[in-house]
Every structure is written in structure tokens, then in C-alpha cells.
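Novice: I have a structure I would like to understand better, so I am pasting it below and will then ask my questions one at a time.
What follows is calculated from the coordinates using simple rules that are stated; it is not laboratory data. All of these numbers come straight from a predicted model, not from anything done at the bench. As a convention, Cβ positions derive from the backbone with ideal geometry for all residues, glycine included, and neighbour counts pool all protein chains shown.
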Amino acid sequence: MQHVRVRLSQRREEYSIEIGAGTLSRLGDYARQALPPHTRRIALFSNRTVFDLYGDTAMRALREAKFKTSYWLMGDGERYKNLSSLKRALDFLSASNLERTDAVIALGGGVVGDLAGFAASIYLRGIAYLQAPTTLLAQIDSSVGGKTAVNTSVGKNIVGAFHQPRGVLIDTETLTSLPVRELTAGWCECIKQGAVGSRKLFDETRQFLLRESASEAGNKRDISLTKLIAAHCAFKARIVANDEREALERTDSRSRRILNFGHTIAHALEKVTDYKRFRHGEAVGYGMLVAGEISKRLGILDGFDLESLKAAIRLAGRLPHANDLRPAEILGTLARDKKSVGGHIKWILLERLGRARLVDGREIAPRVLRASLRAALQPI
């Protein structure tokens, strides 16, 4: 078992992340420790795929801890993370008679976690929630830090709130049931975190993937995976503690905004394909390649580090094709990107692996953007 603390220094609050194999069976005990003492009812959010695999274990653990439990299942996929699903979720919470002292638990990937967290943030002006992430991407990234949101017709995560969970319980055994593409998506996010904040973490992730590609298996692999996930959670926790709400005035290399590396283009790719072609992390893979190309063409990043980034993304897994997408259409979606400040995109680029730089979009010529897109969207 690995333990990570997320300390919110500005509010003098903290919560725990627990990581290990089989932890879902003790969800009830963990909830008793993490939630307010008067919590009686818990509403569990999930989707059919995840609930069929892990719903019985989670519900049994909660009932054994004497919680009154109910569950609600949303559609499976990014396109269901919308206002319509949010309304149904809020109706469910009302029908379940949840009170201010009660709580929500998100059992699933980032889509479930984002919607459950946002519903918890606005129901009765905010109730507690826990994250029980079951995908690699959610375990190392989206479950930690309190960003919650839904998509609209304008774009991704346009409507949302910062609402920190009371805790995160990670069961690494859930990763054994993931399709290959979900693992690829998660590994792309792992690569992102190392690329922007820690060369050591980048190298540890790359070395793990190299061992995986050599088919190393067994208990040693389980232990090293648990430690690697903990290292990624600890990195994310440090960023969140330092800049919980992604302050717009922050432009330094430890701003929470550096975690958006690859996301500017990723969100555009998801939008122009109607959230049907890419898993989020797959789109981030392409987004990192575009940002890397821009960094090199601006003379910020050397070619060796760009090739190292490409090699790591190749180790993460095969990405869906993207070379049929028109650069003009992709760039046209950026005008409404939620990361715009003063009408201009703030790009997260790389000075080197392990160190990011924020660059105003006005410093990047349109021809550089187009050339970077054409180069990066080719199969790697």
C-alpha cells in the first residue's frame, strides 16, 4: 500500500490518496475515515461497464460500513459528460434524499469522476465526495486536484467548478480489466506529467513502459506499478498544493497551468471528432507532439528531447489516425478554448524534458502552428 497526502495550504485542509491492489474491498472503511462523521447516505456514480465489474464489491463494502447506499449509472464515454447527464444526476440525488452531511462516490474513469464531482459541488451548494478511479488516467491525474466539469456544444469542460474530494482510493487491480486503448490513454497522461515537471518521473515512466514492452510480469511488476502511480499522484499533489485553482497570474514552471501541456490541441481534436474517435489521453498524446513541434520550431526545445518525447509516446501505445483532420478546422476551435486569457491562448511548451514554459499565442506565427500540426498528426 502506498499513501500520498494532498495538502491545500491556502485553506489548511488535506486529504489522503491510498494506492494498492484490492483496496476497493475496504471502500466502506475508507469512506468512514474520510467523510464527515454524520454521513449516513452515499450515492455511488458509475457506468454500466464499470459497475458490472466492481459495483458489487463497492456496494457491499459501503453497506458493511453501515452506509445507506444507492447508485446511478451514466452513459459510457466522453460524449455523455454533458448538461443533460448532469440534470439526471441531480434529479437522482434529490430522489435519494441526500442531505448536506451525505456524500457522493465516483466509481469509474475520468468522465464519471468529473460529472460526479461537479454534481456534488452544486447539489445543496456542495456536498462531500470521494474518488474511486478505475482507469490509469483517472488514477494518476483527473481524480486528484478537484477539477470537475461537463462539456457543452461550445467545447470541453466549459462548465465546471473546483471541488476537492475528501479522499481518493485507488485499486490497481482495476487496471487488469482495461482495454489496451484505455491504458494507452493513461500512459500518455503519465508521460505528460513527467515531461512538464520532472525528468526523473519521465524517465521512471519510460523505463516502466520499456519493461512492459519486454513482457516483464509477476508480483514485481505489481509493486513497481503501485509505486509509479504513487509517484505520479505525489507530483500532482505538489502542483495542486502550490496552485490549487490555477491562478491566471501564475506563469512560472510550477503553475498548475503546466498540467495543460498537450491539452490545447487535445480538446480541439476531441471536439472536431465529436468525442467519438479519441480517448482523452490519446488526444493528449497528439497534443504533446504538436506542442513539442512548436517548441522546437521556436528554438526552445532541442531535437533530441523532442525525439525522446516521441519515443515515449510510441511506448504508450498506438494512437488513432489523425492525418485526415484539417489543420484549419482544428485551429478554428481554439478561439473558444477555456484556457484563453484576454482572447489569446496560453500555450504550454517545453524548454526541456522536465521543464515547461508558458507562451502567449501571439508569439507563435500561424505558419508555425500549421506546420507543427501537419508534422505531429502523422502516424508515429
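Novice: Relative to the longest principal axis of the C-alpha atoms of the chain, give the angle of the C-alpha long axis of helix 366-376, reported between 0 and 90° and rounded to the nearest 10°.
Specialist: 70
Novice: Rg and Dmax in Å for the range 2-177, alpha carbons only: what are they?
Specialist: Both quantities, over Cα of the range 2-177: 14.6, 44 Å.
Novice: Given that compact globular proteins tend to follow 2.2 N^0.38 Å, what is the ratio of the alpha-carbon Rg of the chain to that value?
Specialist: With N residues counted in the chain, Rg over 2.2 N^0.38 Å equals 0.95.
Novice: Which three lengths, in whole Å and largest first, does the range 232-293 cover when its Cα atoms are put on their principal axes?
Specialist: Principal extents (largest minus smallest coordinate, Cα): 35, 22, 20 Å.
Novice: Tell me the mean residue ellipticity at 222 nm calculated for the chain from its helices only (DSSP H runs of n ≥ 4, each -39500 (n - 2.57), averaged over every residue, nearest 500).
Specialist: -14000 deg cm²/dmol, from helical runs alone.
Novice: Now for a different question. Taking only Cα atoms, what is the 0 to 90° angle, nearest 10, from helix 280-297's long axis to the longest principal axis of the chain?
Specialist: 30
Novice: Give me the mean projected area, in nm² to one decimal, of the convex hull enclosing the Cα positions of the range 180-376.
Specialist: That works out to 10.7 nm².
Novice: In whole Å, how far is the Cα centre of the range 343-380 from that of the range 219-291?
Specialist: If we compute the Cα centre of each part, the gap is 16 Å.
Novice: What spacing in nm lies between the two simple spin-label points modelled at GLU13 and ARG60, each 7 Å away from Cα in the Cβ direction?
Specialist: The answer from the label model is 3.3 nm.
Novice: If you don't mind, another one. May I ask you to list the lysines whose Cα is less than 21 Å away from that of LYS192, ignoring any residue fewer than eight positions away on the same chain?
Specialist: LYS147, LYS156, LYS200, LYS227, LYS236, LYS271, LYS296, LYS310, LYS338, LYS339, LYS346
Novice: Return the distance in nm (one decimal) between the two label points of a simple spin-label model at ARG370 and LEU53, each offset 7 Å from Cα along Cα→Cβ.
Specialist: That separation, rounded to one decimal, is 4.4 nm.
Novice: Please list the radius of gyration and Dmax for the range 11-107, considering alpha-carbon atoms only, with Å as the unit.
Specialist: Expressed in Å, the Cα Rg and Dmax of the range 11-107 come to 14.0, 38.
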